[in-house]
Amino acid sequence: FVQNGNKKNLFEKDIGAPETTGTTILAVSYDGGVIVAADSRTSSGPYIPDRTTDKLEYIDDKIFCLRSGSAADTQTICHYVRHYLGMHKIELGKAPHVKTAAKLFNQILYSNKDRLLAGIIVAGWDPYDGPQVFSLPLGGSCTKVPYAIGGSGSGFIYGYCDANFKENMTKEEAEKFAKNAIALAISRDNSSGGCIRVVDINKDGFKRQFIPNNDLPLR
């Protein structure tokens, strides 16, 4: 574009500006397992570098983490935790605790809280404590909760989640709760979008589900 008679680079005004990120992630426990869900948009300020991101990160056979914040930070942290938990699993000779994975994230995030932009949710099932959800927001604190939401879109759906969550939901109820919450966030938050990815985790393992944008509920 032209400004004051001089040609300017279209992106010059964004150089040096603080980068903003956005996403919506959710994990909810039900009677027998955990449902995790997320949108698929990666935002970098006003730009969308990736509209089909998978924010549901595999950690172990029955443990997943959900990533929000800086994609570079969260992907690297997940690689470290997957490695450490894998070594721990070999030493134990049995399935690891979900809370062990959450504690590993907690130690990395808290020790580097002034250098990382990472909000994490750890969710899974183990034979010791059943379905569990842990919330690790910016700063690295670790709290066990019945459900957790995160990312820029979470501010739009706290009311929906508080009004519709109930203890010991069935798998179908938890799945509907998660899909509707993410769809509502996508409809309101410009930094959330794309499709919805869902994973059901229980004693038998995990099963993925993909909902394309044109099939989203509550459009």
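The values are calculated or read from the model by the stated rules, or taken from the named source; none is laboratory data. Because the structure is predicted, anything quoted here is derived from the model rather than measured. In this analysis, Cβ positions are derived from the backbone assuming ideal geometry, glycine residues included, and neighbour counts consider all displayed protein chains. Heads up: the accessible areas ignore ligands, DNA and RNA and are worked out on the full protein's heavy atoms, side chains in. Shrake-Rupley method; radii C 1.70, N 1.55, O 1.52, S 1.80 Å.
If you take the residues in segment 144-174 that are touching a helix residue (DSSP H, G or I) at 6+ places or on another chain (Cβ under 8 Å) and part of a strand (DSSP E or B), which one is nearest to Asp200 (Cα to Cα)?
Applying the filter and picking the extreme gives Tyr147.
Considering only segment 195-207, how many residues are touching a residue at least 60 places away in the same chain (Cβ under 8 Å) and more than 11 Å from Ile25 (Cα to Cα)? Can you show your working first?
Restricting attention to segment 195-207, the residues satisfying the condition of being touching a residue at least 60 places away in the same chain (Cβ under 8 Å) are 195-203, 205-206.
Those still in the list that are more than 11 Å from Ile25 (Cα to Cα) too: 195, 199-203, 205-206.
Adding up the residues that qualify gives 8.
Being without any contact (Cβ under 8 Å) to a residue 24 or more places away in the chain and either closer than 17 Å to Val198 by Cβ or open to solvent by 70 Å² or more (accessible area, probe 1.4 Å) (or both) is true for just one of Lys99, Lys103, Lys171, Lys94. Which residue is that? Lay out the reasoning, then the answer.
Numbers: Lys99 fails: without any contact (Cβ under 8 Å) to a residue 24 or more places away in the chain; Lys103 fails: without any contact (Cβ under 8 Å) to a residue 24 or more places away in the chain; Lys171 fails: without any contact (Cβ under 8 Å) to a residue 24 or more places away in the chain.
Criteria check complete, one pass: Lys94.
Before we move on, is Pro127 open to solvent by 40 Å² or more (accessible area, probe 1.4 Å) and more than 16 Å from the chain's Cα centre (by Cα)?
Values: open to solvent by 40 Å² or more (accessible area, probe 1.4 Å): yes; more than 16 Å from the chain's Cα centre (by Cα): yes.
For Pro127, the condition - open to solvent by 40 Å² or more (accessible area, probe 1.4 Å) and more than 16 Å from the chain's Cα centre (by Cα) - is met.
So, in segment 198-207, exactly how many residues are surrounded by fewer than 13 Cβ atoms within 10 Å (Cβ to Cβ) and under 25 Å from Arg51 (Cα atoms)?
Kept after step one, since they are surrounded by fewer than 13 Cβ atoms within 10 Å (Cβ to Cβ), are these residues of segment 198-207: 203-205, 207.
Applying the additional criterion that residues be under 25 Å from Arg51 (Cα atoms) yields 207.
Selection size over segment 198-207: 1.
Of the residues Leu117, Leu184, only one is of a type in the set (A, V, I, L, M, F, W, C), in contact with a strand residue (DSSP E or B) (Cβ under 7 Å, 6 or more places away or on another chain) and open to solvent by 40 Å² or more (accessible area, probe 1.4 Å); which? It would help to see each step written out before you state the result.
On the way: Leu184 fails: in contact with a strand residue (DSSP E or B) (Cβ under 7 Å, 6 or more places away or on another chain).
The unique qualifying residue is Leu117.
Looking at Ser192, Ser141, can you tell me which residue is in a loop (DSSP other than H, G, I, E, B), surrounded by 15 or more Cβ atoms within 10 Å (Cβ to Cβ) and either touching a residue at least 12 places away in the same chain (Cβ under 8 Å) or out of contact with any Ser or Thr (no Cβ under 8 Å at 6 or more places or on another chain) (or both)? Reasoning before the result, please.
Numbers: Ser141 fails: surrounded by 15 or more Cβ atoms within 10 Å (Cβ to Cβ).
Just a single option satisfies the conditions, and that option is Ser192.
Under 6 Å by Cβ, and 6 or more places apart or on different chains, what pairs join a residue from segment 145-160 that is over 14 Å from Lys179 (Cβ atoms) with one that is open to solvent by 50 Å² or more (accessible area, probe 1.4 Å)?
Close Cβ pairs (under 6 Å, with a partner that is open to solvent by 50 Å² or more (accessible area, probe 1.4 Å)) amount to Phe156/Arg188.
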